Every structure is written in C-alpha cells, then in structure tokens.
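A.B. asks: Okay, handing you the structure first.
The values are calculated or read from the model by the stated rules, or taken from the named source; none is laboratory data. Please read all numbers here as calculations on a predicted model, not as lab measurements. Every residue, glycine among them, receives a Cβ derived from its backbone with ideal geometry; neighbour counts consider all protein chains shown.
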Amino acid sequence: MNKPIIATKLPLVGTTIFTVMSSMATEYKAINLSQGFPDFPVSEELISLVNKYMKLGYNQYAPMMGVKELREAISEKTLKLYNVNYHPDSEITVTSGGTEALFAAITAIVKAGDEVIVFEPAYDSYIPAIELNGGIPVCISLKYPDYKIDWNEVRNNISLKTKLIIINTPHNPTGAVLSENDLKELTNIVQNTNIFLIGDEVYEHIIFDSLKHHSLMTVPELQQRSFIISSFGKTFHVTGWKTGYCVAPKQLTTEFRKIHQFLTFSTFTPLQYALAEFLKNPDNYNGVPAFYEKKRNTFLESIKSSKFTFVPSKGSYFQNLCYSAISDEPDTDIAIRLTKEIGVASVPISVFYKDKTDEKILRFCFAKEDETLLKAGEKLSKL
C-alpha cells in the first residue's frame with residue numbers, strides 16, 4: 001500500500017535549538033541558561049487578577065482583536081512612553097505571543113519572490129515565516145562584539161524586490177540596541193520607497209545603563225510603514241502565558257487581522273482583563289529595566305574570574321560570552337560539553353545565522369534567581 005509522502009516546506013528546519021538544549025539540560029540535570037524563561041515567581045497581584053476575572057466569568061472567547069480594556073490600556077501606555085497615539089479599535093491587536101504576531105505581520109506583507117532583509121544573528125522564527133510565504137531572506141551579518149548595523153551594507157542590499165526589513169531592538173540574541181542615529185539611517189533608506197518594516201520590540205522594557213529604547217514608532221516616516229510587536233510575556237515574566245500585541249496604522253492593522261483571525265483568532269480571555277488592570281500602575285513596567293540590570297550584573301560578577309570575555313548586554317535578558325580563550329571547539333560542540341560536563345546549558349550563537357557563522361560565542365539567559373546565576377557562574381569559572 002502506498003503511503004502519502006509529505007514534501008516539506010521547510011527542508012532545512014528541524015527541532016529548535018531551544019528545545020534541544022532545554023531537553024539536554026533536563027537530562028543531565030544542568031542549570032538551564034539556554035531557553036529564555038525566568039525561574040522566579042510571577043507577581044502575586046497579577047496572578048490574583050487572572051483568578052479574579054476567571055471567577056467573574058470572563059472565560060469565553062475574547063474579541064478577535066483583543067478585549068477593549070486591554071487595547072485601551074496598551075494605547076495609554078504607548079502614549080505615555082513614546083508620545084504616539086494608536087487607536088485601540090483600529091490600530092492595536094492582542095496576539096497569542098510575539099511569535100504569532102511576527103508570523104501574521106510577515107504573512108500580511110510578503111508574497112512569492114519578495115525580498116526581506118534580516119539581520120543575523122536573528123530570532124529563529126523570521127526566516128521560516130518568510131520562506132513559508134514564498135519570500136526570499138536577504139541576510140546581513142552583524143559582527144561580534146558590538147553587533148552594529150552597517151547601513152551602507154543595507155543600502156547595497158536594497159533592490160526593487162525588497163518588500164520588508166525586520167528590525168529587532170533590544171536584540172535577541174546579542175543584547176545590542178538601536179540608537180537614535182540608527183533610526184535616522186533607516187529613515188533615509190526607506191523614505192520614498194514601498195518598503196515595510198517590522199519592529200520586533202518584545203524586550204522594550206529590558207534595557208540597561210540608562211539607555212533609551214528607540215522605537216520605530218517614534219519617527220513618523222517609520223511609524224507609518226511599521227508593524228511594532230511587543231510581549232507581556234517578556235515584560236511581566238510570564239512567557240508561558242503567550243500574550244503579546246501588535247500596533248500598526250489602520251491600513252496595516254486591517255491586513256494583519258485578516259491573518260491573525262485564522263491563526264489563533266483570540267487570546268486567553270481572563271488574562272487580558274488582568275493585564276488591562278495591571279497596566280494601570282506604570283510602576284509594574286517602569287521598574288523592569290533596573291530589575292534585569294541587577295540580574296545582568298550579578299551574572300557578570302559571578303564569572304569575572306573566568307576566562308570568558310564579554311561586552312555587557314545593553315538590553316534583553318541575554319548575555320553573550322566569548323570562549324575563544326578557553327577552546328577552539330565549534331560553538332555547538334562546546335555548548336553540549338558544558339551541559340554534560342560542567343552542568344550549565346547555553347545556546348550556541350551560530351544557530352542564529354543561516355550559514356552557521358561561528359565566532360566562538362555562547363548565549364546565556366540571566367532571567368533567573370540570583371542563586372541560580374551564582375551557581376552557574378561558579379561552574380563556568382572552573383573552565
């Protein structure tokens with residue numbers, strides 16, 4: 001009997017590195033600094049609010065675009081932080097995580113043959129989403145240690161087929177952040193073109209050393225062509241709740257929602273009401289940068305006697321460490337060895353490059369209890 005054979009749409013894609021390294025961490029009882037999730041408690045107030053709205057009966061489907069109260073809270077927050085007004089009814093959509101929002105935005109824009117500029121190392125969902133929609137990723141490599149964008153290289157890669165540029169700031173996996181000058185360079189490139197932008201800004205509140213988050217929405221020329229995506233999971237340490245949102249001008253949001261409604265349609269209802277109430281207190285998000293900066297500093301202090309070298313992360317909750325003074329092993333090999341032999345799991349940066357560029361860098365997540373970070377630092381310092 002003949003069996004149907006699937007012709008894969010993503011021949012180069014396997015199980016994500018996050019799943020692989022987290023599984024290995026569990027198997028070898030290693031400290032898991034690979035996957036980006038916190039190991040400390042969530043706000044009791046926020047948990048109580050979710051329970052409150054469950055008990056009040058808010059347990060059925062939410063509106064496709066998100067509950068009104070949360071969209072209004074997002075609009076108010078965005079106006080306070082960036083002095084930009086997005087209409088809650090027509091320009092804000094609540095999504096089931098940032099990754100869903102990324103897929104919906106890419107799908108709304110990219111058609112067969114369109115080129116999309118991606119800066120590598122890049123979050124691993126970008127290229128599969130582009131390719132599933134028939135697009136062509138045009139990868140521009142960012143180099144260790146500062147991972148700055150070479151805007152002349154961007155200009156050289158713009159073509160008549162360029163449809164979209166994906167910007168990620170603060171950047172995963174490098175911790176780099178865009179400057180005001182970066183936004184000026186980007187504006188000069190896209191003005192008078194039909195190029196769209198996606199601003200992956202899920203770490204907008206996790207930025208350090210008194211730096212400012214320069215959102216694409218703060219420049220009118222960029223705002224009018226941008227889908228800007230954020231994540232409550234990152235901001236409020238609830239990655240398992242998979243709740244994010246996308247803000248975009250009305251005409252972009254219209255197309256975004258056409259895709260969103262057939263992906264998840266709506267997002268967990270009582271959580272949306274809880275977040276709407278939680279956002280009423282700006283301290284709940286304004287205190288996030290200092291909280292994570294302390295975590296970063298604790299981790300870096302714990303490895304100061306090690307042979308790793310580094311540039312302190314400027315944003316996100318990831319820290320890259322260079323191990324070139326320790327070993328010349330491929331980064332995938334040493335990541336596996338550290339998990340098995342040292343008891344600390346990380347992610348090799350080469351997996352974030354399409355061509356697997358190996359600069360002897362590992363990514364560590366410091367969204368952990370201080371005790372966890374200190375134990376990991378002690379183990380890593382023995383190398």
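A.B. asks: Conditions: (1) of a type in the set (S, T, N, Q); (2) touching a residue at least 60 places away in the same chain (Cβ under 8 Å); (3) assigned by TED's automatic domain parsing to the domain that holds VAL344. THR26 meets all but one. Number of the miss?
C.D. replies: Status for THR26: all satisfied but (2).
A.B. asks: I want to confirm something. Restricting to region 183-221 and keeping residues that are within 23 Å of GLY97 (Cα to Cα) and hydrophobic (A, V, I, L, M, F, W, C), which single residue is farthest from the chain's Cα centre (by Cα)?
C.D. replies: Ranking the candidates gives PHE196 first.
A.B. asks: While we're here: Can you tell me which residue is farthest from LEU46 (Cα to Cα) among those in region 256-279 that are among the aliphatic types (A, V, I, L, M) and assigned to a loop (DSSP other than H, G, I, E, B)?
C.D. replies: Among those residues, the one meeting the criterion is LEU263.
A.B. asks: Please find, within region 319-378, the residue that is farthest from LYS294 (Cα to Cα) out of those that are of a type in the set (A, V, I, L, M), part of a loop (DSSP other than H, G, I, E, B) and in contact with a strand residue (DSSP E or B) (Cβ under 9 Å, 6 or more places away or on another chain).
C.D. replies: Result: ALA325.
Conditions (1) within 17 Å of ILE206 (Cβ to Cβ); (2) modelled with pLDDT of 95 or more; (3) of a type in the set (Asp, Glu), marked per residue:
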site: PRO282; (1), (2), (3): yes, yes, no
site: GLU301; (1), (2), (3): no, yes, yes
site: PRO312; (1), (2), (3): yes, yes, no
site: ASN320; (1), (2), (3): yes, yes, no
site: ALA325; (1), (2), (3): no, yes, no
site: LYS354; (1), (2), (3): no, no, no
site: THR357; (1), (2), (3): no, no, no
site: ILE361; (1), (2), (3): no, yes, no
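A.B. asks: Give region 108-140 a look and list any residue that's within 18 Å of the chain's Cα centre (by Cα), within 30 Å of THR269 (Cα to Cα) and touching a residue at least 40 places away in the same chain (Cβ under 8 Å), or say none.
C.D. replies: Once the filter is applied, which keeps residues that are within 18 Å of the chain's Cα centre (by Cα), within 30 Å of THR269 (Cα to Cα) and touching a residue at least 40 places away in the same chain (Cβ under 8 Å), region 108-140 yields TYR123, ASP124, TYR126, PRO128.
A.B. asks: From LYS258, LYS280, LYS307, grab the single residue that is basic (Lys, Arg) and within 30 Å of SER34 (Cα to Cα).
C.D. replies: Being basic (Lys, Arg) and within 30 Å of SER34 (Cα to Cα) holds for just one of LYS258, LYS280, LYS307, which is LYS307.
A.B. asks: Are any residues in region 55-71 closer than 25 Å to ALA101 by Cα and among the aliphatic types (A, V, I, L, M), and if so, which ones?
C.D. replies: ALA62, MET64, MET65, VAL67, LEU70
A.B. asks: Restricting to region 136-195, give me the number of residues that are part of a loop (DSSP other than H, G, I, E, B) and farther than 30 Å from ASP209 by Cα.
C.D. replies: 9
A.B. asks: Give region 220-275 a look and list any residue that's among the β-branched types (Val, Ile, Thr), in contact with a strand residue (DSSP E or B) (Cβ under 9 Å, 6 or more places away or on another chain) and buried (at least 21 other Cβ atoms within 10 Å of the Cβ), or say none.
C.D. replies: Passing the criteria: ILE228, ILE229, THR243, VAL247, THR253, THR267.
A.B. asks: Follow-up question, since we're still on this one. Is it the case that some residue within region 55-67 is more than 25 Å from VAL288 (Cα to Cα), in contact with a Pro (Cβ under 7 Å, 6 or more places away or on another chain) and not β-branched (Val, Ile, Thr)?
C.D. replies: yes
A.B. asks: Can you tell me which residues in region 75-130 are hydroxyl-bearing (Ser, Thr, Tyr) and surrounded by fewer than 17 Cβ atoms within 10 Å (Cβ to Cβ)?
C.D. replies: SER90, SER125
A.B. asks: Which one of these is without any contact (Cβ under 8 Å) to a residue 24 or more places away in the chain and within 22 Å of the chain's Cα centre (by Cα): ALA367, ALA290?
C.D. replies: ALA290
A.B. asks: Related question: Of the numbered conditions (1) free of Cβ contacts under 8 Å to residues at least 24 places away in the same chain; (2) in a helix (DSSP H, G or I); (3) within 24 Å of GLU201 (Cα to Cα); (4) more than 22 Å from the chain's Cα centre (by Cα), ASN297 satisfies every one except a single condition; which is it?
C.D. replies: ASN297 satisfies every listed condition except (4).
A.B. asks: Only residues that are out of contact with any strand residue (DSSP E or B) (no Cβ under 6 Å at 6 or more places or on another chain), surrounded by 10 or more Cβ atoms within 10 Å (Cβ to Cβ) and under 29 Å from GLY134 (Cβ atoms): list them for region 10-48, please.
C.D. replies: LEU10, VAL13, THR16, PHE18, THR19, VAL20, listed by residue number.
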